[in-house]
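Heads up: the structure comes next, in structure tokens.
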Amino acid sequence: MIQVWSVESLPVTRWRNGGGETREIIAIAGPQGSDFLWRASIATLDKDGPFSSFNGIDRVITLLEGAGVTLTVDGEEIPLALHTPLAFSGDSACAARITGQSRDFNIMTLRGACSAHVAVADSAQQSRSGVCLVLSGEWQLNGSELVTGMGAWWHNEHSTIRPVSAGGKLLFCSIEEG
């Protein structure tokens, strides 16, 4: 199954701590006793604050836009660079310090069941399961045309996304199960 979406069409959920909001892209059901196999979302950070703990989950965060974000992960300060993925354990104590509102892409995977690889690409990409977000340009995914601010997710369906024109950028996340 392939599902195309736009960022603005995704449902918004405010965080309990009031520090931001999440737009969930997809949560693929996991084995019994787990919340999900993998979950993708876009978050808006409005103020400094802690991240929720997700034991047994691996996370990758990628800054999409904003003035700046520094994560403190298990006591280590890590500034996020635009479009540069940062992987960390959901078991870790994590908090964000921001210099203004920011937006990021998040992927969470059930440790031992699957893993995510996130990159910003300017050429064709393919995977059996994954999610993508067009950062610039026009792209084509298995016949569907995507433009800036649009994305897609797919699960257990080999998919290829290609740039339609030169100069485009794509956030691409492949999910490997097993």
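Descriptive notes on the structure:
- Restricting region 20-46 to residues that are of a type outside the set (S, T, N, Q) and free of Cβ contacts under 8 Å to residues at least 40 places away in the same chain leaves a set whose member that is surrounded by the most Cβ atoms within 10 Å (Cβ to Cβ) is Gly20.
- Residue satisfying condition, being modelled with pLDDT of 95 or more and surrounded by fewer than 16 Cβ atoms within 10 Å (Cβ to Cβ), within set Ser129, Ser136, Ser102: Ser136
- Residue count for region 133-155 under the criterion of being part of a loop (DSSP other than H, G, I, E, B), within 24 Å of Asn106 (Cβ to Cβ) and in contact (Cβ under 8 Å) with a residue 60 or more places away in the chain: the result is 2.
- Restricting region 83-117 to residues that are of a type in the set (S, T, N, Q) and either in contact with a Pro (Cβ under 9 Å, 6 or more places away or on another chain) or outside any strand (DSSP E or B) (or both), the residue that is nearest to Ile42 (Cα to Cα) is Gln101.
- Single residue of region 47-83 satisfying the filter (without any contact (Cβ under 8 Å) to a residue 24 or more places away in the chain and at negative phi) that is surrounded by the most Cβ atoms within 10 Å (Cβ to Cβ): Val73
- Counting only residues that are under 15 Å from the mean Cα position of the chain (by Cα) and either closer than 18 Å to Leu135 by Cα or not in a strand (DSSP E or B) (or both), region 12-25 holds 3 of them.
- The single condition from (1) hydroxyl-bearing (Ser, Thr, Tyr); (2) out of contact with any strand residue (DSSP E or B) (no Cβ under 6 Å at 6 or more places or on another chain); (3) under 26 Å from Gly30 (Cα atoms); (4) at pLDDT 95 or above that Ser123 fails is (3).
The values are calculated or read from the model by the stated rules, or taken from the named source; none is laboratory data. In this text, all values refer to a predicted model and were calculated from it rather than measured experimentally. Methodologically, a virtual Cβ is constructed for each residue, glycine included, from the backbone with ideal geometry; neighbour enumeration extends over all protein chains shown.
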